[in-house]
Structures are given as C-alpha cells and as structure tokens.
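Worksheet: the structure to be examined is printed underneath.
Just so it is clear, none of the values below were taken in a lab; they were calculated from the coordinates. Model, not experiment: these values are computed from the prediction. FYI the Cβ positions are ideal-geometry reconstructions off the backbone, even for glycines, and counts take in every protein chain you see.
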Amino acid sequence: MDTARKVLVTGGCGFIGANFVRHLHRTCPRWRVVNLDTLTYAGNLDNLQGIEEGNRYRFVKGDICNTALVEEIFVAEQIDTVVHFAAESHVDRSITGPAEFIQTNIIGTFTLLEAARRNWQDQHRGGTHPLFLHVSTDEVYGSLGETGYFRETTAYDPRSPYSASKASSDHLVNGYFHTYDLPVMITNCSNNYGPYQFPEKLIPLIIHNCLQGRALPVYGDGKNIRDWLHVQDHCEAIAAVLEKGAIGASYNIGGNNEKENLEVVERICDIVDDRVGPLSSGEKRRSLITFVTDRLGHDRRYAIDAAKIKEQVGWQPKITFDEGIRKTVDWYLEHQQWVNTIIDGSYRGYYEKMYGNREILPPQR
C-alpha cells in the first residue's frame, strides 16, 4: 500500500472508523486522511487522541448529507479514495427512531456517491485509480437457521429499520457501479468488538455493568448467535480489500467466532471476576445476568462465510474470540476515564464548546 492516496474516511470518530484511521496512520505514511464526522452521540474525538492534524491527517466536522460540504472536501482535498463508515448503527435505536437511519444511511450514502461521480468522471486522478469502499453489515441478509452461512450471493432479507437502511445503501452503491461505472467495493462484516466501542453495545455495556455491579440484561433466552470479529482484524481486512479487491465486488468479513449471546456475557463475567475479584457480596458476576423481553425482529443467528476474501484478497482473521475478549476487557479496565466521560456525557460538552453546531470546511489547496 505504498501508493500515495488522499482518503476521505466518513465516521472516522466512531468505533470502527477511529480504529481504521489509527490503522492507516500506522501503516500508510504516504496517505493523507480527511476524517469527516458530524460528532453525533457516538462520535468521539478522544478515540483519535495522539493523532495530530497536519500533512497526513485532517478532521472536518460535518454531515455526510450536506452536499455543499462534501463537494468542497472532494475538490479542496482532491479525494481519490472514500472509505465510508458513517452510519447510524444501533438496531434498538432504529426501532424507536428510524428516521435518522433513513437520512444518514441512505441519503448520506447517496450524497457521497454523487460527489464521487461528479469528481471521478475521468476515473483517474494523478495516475491513481479512485476507489469508493462502502462498509456494510451482515444484517442485510436477515436471519439464519441452525445451519448455513451468509455468502456474497445470499439474497438480502433485512429485518429491522437499521438493516433495511444498510441494504438500501448497498443497493445504491451497486447501482452506481452498474449505471455510472463508478469504482466501488462493498464489505459486509459480522459483529465487531474491541477498543473505543460506544458503551450501549453488548460487550462494552456488559463490561461496564459488571464493574458497577448492575444487572446484565440479556434478550430472550440468550441463545441468539453472532459471529464476532475483532475490530483490528476488520481494519486489516478493509485495508486488504482496498489494495487487492476487485472493482464492483462485495466481500464478507467474518471472525469465525460464532457465540451465543449468553455465552459472551458469561465469558465477560468470568474475566472480570478474574481481573478484579468477585462482587462485594462475594458472589460471582454471573449472578447479575437478567433475562429481559426479546427485541422486536431479533434475528436468531448470523454466520459469515469469508471464503471469498480469503481466496481473492488473501485475508483471514487472526484473533480468536478468547484472545480478543480478554484483550477487550483489559482495554476497558485500563481506560475507565474514557468510559466515564461517555457515561456522564462530559465529552459532549467539550465538542460543543470547541465546535458548536458549525460545520468546518477544509482549507482551499
């Protein structure tokens, strides 16, 4: 990945986006990264602490739905690569408030595609082939039974407003490839976990509640199965697709780590007990597990067949779930200040003081 690129990373202050920006900063010294993030509740500048603005990196506060802003970034920064993470991504939130998911995940993706189409009509810029990589989810495929796997050829069957909005954006990206010959690729990943994940998601929520001695909510019977992918593996997969993927192709990215939700929660309980000791009552943290009413439209099982990316791109996951979950629990134990600023909301006040509601344009070049 030695060829110099000018990369627009959308949602680069979120969980996966921030980990990817960090990955590029470590591995691609000739790349310039422009991080466009509107800093919604899940966008956190602290996720990129230590990465300074300069020739290699710039942060732009703004909305991917803002056509003028996106166009300005493409022109001013001469963007030749887009890695599109920005999305509303929490299924529960999509059930209670779907409108934001339609706006960000569909209209935002359309806005980016239009800017790329207008600016890449010649398909080349300074000898560099442009690329638009759309980061999506395995939830677009719906739910599996006890056997079988999602493959790139699996028919879409989304079951929630979130997954429906991501399926729509995937179809838009494919439509721009077939209609306008826009150089696109799509990745559909399984459930991510690791550092900097917002504490409303299962694994960081359970870690936090374990430490606080609070109830550990588990939907239904806890037997829903997910394939868990460590975010470090995911970032390496995306980088490999950028380097070796085929234009117009989709790639499933999975961790080969199928686990029942209850099994994940119990494993976290045991690790926290091992690290900090039992509860003050002397009980093990498994005693905090509380089964709650199942989520509407809760898909029973996801499982990824990642053979295509292994065969065509040469990527496969390196981190086992046992290794990854121990590393993840340790990270959250060591970064309690990061967690606390999110829980008490103080990180939002910092952003408002620094940026207010302004969207910040990059300098003209």
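When DSSP beta bridges are restricted to pairs lying wholly in region 158-297, around 20% turn out antiparallel. A cut-off of 5 Å between modelled amide H atoms, ignoring neighbours fewer than 5 places along the same chain, links residue 14 with 44.
Do any of 201/244; 166/310; 61/259; 61/244; 6/61 go past 27 Å between their Cα atoms, and which? From the list (201/244; 166/310; 61/259; 61/244; 6/61), the Cα-Cα distance tops 27 Å for 201/244; 61/259; 61/244. Put in order of Cβ neighbour count within 10 Å, fewest first, the listed residues 120, 228 become 120, 228.
Mean-square fluctuations from a GNM of the chain, with a 10 angstrom spring cutoff on Cα atoms, peak among 96, 290, 38 at 96.
Farthest toward the positive end of the dipole of region 206-340, out of 250, 297, 272, is the Cα of 297, where the dipole comes from beta carbon charges about the Cα centre.
Springs join every pair of Cα atoms under 10 Å in this Gaussian network model of the chain, and among 54, 17, 314 the largest mean-square fluctuation is at 54. Tilt of helix 108-119 relative to the longest C-alpha principal axis of the chain, in degrees (0 to 90, nearest 10)? Taking Cα atoms only, the helix is inclined about 20 degrees. Under a 5 Å amide H cut-off, with hydrogens placed 1.01 Å from N, residue 299 pairs with nothing among residues at least 5 apart or on other chains.
Starting from the Cα gyration tensor of region 238-311, take the square roots of the eigenvalues, sort them a ≥ b ≥ c, and report rounded, prolate or oblate (rounded when a/c is under 1.5, otherwise prolate if a/b is larger than b/c, else oblate). It comes out prolate by the Cα gyration axes.
The amide H of residue 82, built 1.01 Å from its N in the peptide plane, has 8, 131, 132, 133 as neighbours under 5 Å, considering only residues 5 or more places off or on other chains. Phi angles across region 295-312 convert, under the Karplus curve 6.51 cos²θ - 1.76 cosθ + 1.60 with θ = phi - 60°, into 3J(HN,Hα) values of 6, 4, x, 6, 5, 6, 8, 10, 8, 9, 9, 9, 5, 5, 5, 5, 6, 8 Hz, Gly and Pro given as x. Starting from region 219-293, pick out the trypsin sites (Lys or Arg not before Pro) whose DSSP state is loop and whose Cβ has at most 14 other Cβ atoms within 10 Å. Hits after loop and neighbour filter: 223, 284.
Among 39, 296, the ranking by other beta carbons within 10 Å of each residue's beta carbon, starting with the fewest, stands as 296, 39. When DSSP beta bridges are restricted to pairs lying wholly in region 1-137, around 5% turn out antiparallel. Please give the helix 261-276 orientation as an angle from the longest Cα principal axis of the chain, in degrees from 0 to 90, rounded to the nearest 10. Orientation of helix 261-276: about 70 degrees from the principal axis.
On a 0 to 90 degree scale, rounded to 10, what angle separates helix 161-180 from the longest Cα axis of the chain? It works out to around 20 degrees.
Sequence-ordered 3J(HN,Hα) estimates for region 32-38 from the Karplus curve with 6.51, -1.76 and 1.60 and θ = phi - 60° stand at 9, 10, 9, 9, 9, 8, 7 Hz, glycine and proline given as x.
Seen from residue 145, the other residues with C-beta closer than 10 Å to its C-beta sum to a net charge of +1, counting Lys and Arg as +1 and Asp and Glu as -1.
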